[in-house]
Ligand code: UGA
């Protein structure tokens with residue numbers, strides 16, 4: 001395979017754009033990250049990373065000679081590969097809003113040259129968007145030539161919080177488009193496909209990792225693979241949660257049940273962790289996105305709708321459990337541990353903790369919340385919510401009537417739980433992430449299971 005370093009332009013410096021930039025620079029390519037957000041670009045030029053993602057900063061800083069940051073779209077002139085990594089947030093009716101993508105295409109269009117350039121969609125986009133990008137370029141790019149300019153769909157499968165490992169050691173690389181363009185993309189990813197790069201110290205290669213599979217397909221199938229993968233994972237989590245609810249009624253233990261079913265290699269263990277349900281910017285948007293796509297063709301997708309409903313019910317179940325114990329929320333002091341939608345990220349998009357805090361405040365509770373990294377961001381993005389930020393995790397317990405574990409941060413496992421519950425007004429813990437391993441001198445409600453064993457044993 002070709003070893004030629006490529007000239008890459010990346011439009012959008014969010015999670016996906018920065019992750020892609022870090023990966024491609026590490027693979028030896030020259031990468032220019034472009035964004036309309038002047039503040040963000042200035043931060044990146046000062047080598048400050050605007051998001052929290054373990055290991056990302058180190059990887060970007062160790063490859064600075066390969067990386068340039070700019071707000072100037074003319075930088076795409078030099079690029080042979082142009083990645084579009086902008087956000088596609090859901091609009092009010094659930095369909096993905098493509099305005100950022102359209103703006104990105106319009107901004108790059110004047111700078112397409114006469115040489116071969118591959119435009120790569122990494123943003124999660126509705127099926128058919130690849131063709132839309134071709135049509136936009138035909139309209140807006142004076143030099144557009146279908147024999148040298150190709151659009152490729154190359155969906156991203158990284159998870160926030162483990163973006164580095166997921167990018168460097170993927171299960172598969174999905175490429176949709178015409179053969180010439182896919183050959184080009186394979187040369188971009190050659191060091192990744194062959195695993196010939198030096199693993200960074202912050203993300204060593206897993207012991208039993210084998211090279212990624214490469215899936216060559218059409219634009220439409222690649223776009224569908226992305227949606228279907230996220231929807232299936234969301235479905236798995238909702239399935240575990242639905243079974244967990246029944247476990248609570250019949251006295252079964254969801255963890256033993258998922259261990260038991262996961263041992264069937266057709267099912268597997270991953271994404272069966274029952275709890276507060278999924279949040280984040282992807283599962284909700286992508287399940288809704290598929291349902292909307294079906295609706296356009298008068299095609300119902302009842303399984304996905306059920307997964308969404310079960311997910312919403314998980315959040316309400318926390319409130320129901322609190323009401324069962326406390327009868328009313330009025331004047332009750334409730335502590336919330338964890339605000340980010342999952343551990344190891346400061347991302348607050350569709351975080352279950354948001355719904356909980358909002359509902360608790362509406363019901364008249366006095367809420368104190370803590371998160372190891374997302375508190376400052378929450379103070380900006382959730383300023384309209386009625387809650388106060390705790391100075392540390394211990395503070396959410398002080399004189400509280402109940403504490404909810406909303407995000408399973410590792411550092412919460414290390415807390416001195418017995419000492420902390422002793423500071424509560426009423427020792428009630430709603431462990432909605434099944435983080436605790438042993439009973440406490442407190443009432444503890446988990447999801448789909450009851451804690452067994454010795455009170456106060458180490459976590
Ligand atoms: C998800 C996919 O896992 C990635 O493959 C995909 O690239 C990404 O969306 C995307 O489309 O950009 P992400 O949303 O970052 O990644 O996080 P996940 O680790 O998938 O978790 C999603 C939510 O599901 C979290 O709220 C998490 O707490 C919840 N979850 C996950 C569970 O409740 N139980 C589980 O067993 C697993």
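Of note:
- Pairwise centroid distance, computed over Cα atoms, of region 169-189 with region 66-132, Å: 17
- Potential lengthening of the chain between residue 301 and residue 92 amounts to 73.3 nm, from the contour at 0.36 nm per residue minus the alpha-carbon distance.
- FRET efficiency, 1/(1 + (r/R0)^6) with R0 22 Å, evaluated for residue 392 and residue 441 via beta carbons: 0.55
- Per residue of the chain, the DSSP helices (runs of n ≥ 4 H) give a summed -39500 (n - 2.57) that works out to -11500 deg cm²/dmol at 222 nm.
- Cα-Cα separations in region 124-259 greater than 24 Å, expressed as whole percent: 49
- Helix 219-250 and the longest principal axis of the Cα set of the chain meet at an angle near 10°.
- Taking a ≥ b ≥ c as the square roots of the eigenvalues of the alpha carbon gyration tensor, region 378-459 is prolate, as a/c is not under 1.5 and a/b beats b/c.
- Diffusion coefficient, µm² s⁻¹, Stokes-Einstein with Kirkwood Rh over alpha-carbon pairs of region 254-334 at 20 °C and 1.002 mPa s: 138
- Three principal axis extents describe the C-alpha atoms of region 178-229; from largest down they are 37, 26, 17 Å.
- In degrees, nearest ten, helix 352-362 long axis to first principal axis of the chain (Cα): 50
- Take the convex hull of the alpha carbons in region 1-96; its mean projected area over all directions comes to 7.5 nm².
- Rh by Kirkwood over Cα pairs, then Stokes-Einstein D for region 103-196 at 0.692 mPa s and 37 °C, µm²/s: 227
- Cα convex hull volume per residue for region 350-392 (Å³): 67
- Neighbour-count ranking [beta-carbon atoms within 10 angstrom, fewest first] of 403, 250, 214, 257: 250, 214, 257, 403
- Zone of residue 411's modelled label, taken as backbone nitrogen in region 33-72 under 20 Å from a point 7 Å along Cα→Cβ: 49-58
- Annotation: the residues 209, 189, sorted from fewest to most other C-beta atoms within 10 Å of their own C-beta, follow the order 209, 189.
- One equal scatterer on each Cα of region 307-424, no solvent, Debye formula: the resulting log10 I(q)/I(0) at q = 0.17, 0.23 Å⁻¹ is -0.81, -1.46.
- To the nearest ten degrees, helix 283-296 and the longest principal axis of the Cα atoms of the chain are 60 degrees apart.
- The order of 158, 168, going from fewest to most other C-beta atoms within 10 Å of their C-beta, is 158, 168.
- Taking only the Cα atoms of the chain, the ratio Rg/Rh comes out at 1.00, with Rh defined as the Kirkwood radius.
Every number in this text was worked out from the coordinates using simple rules, so none of it is lab data. Predicted model, so just to flag it, every value in this text is computed and none were measured. For neighbour counting, all protein chains shown are included, and Cβ atoms are generated from backbone atoms with ideal geometry for every residue, glycine included.
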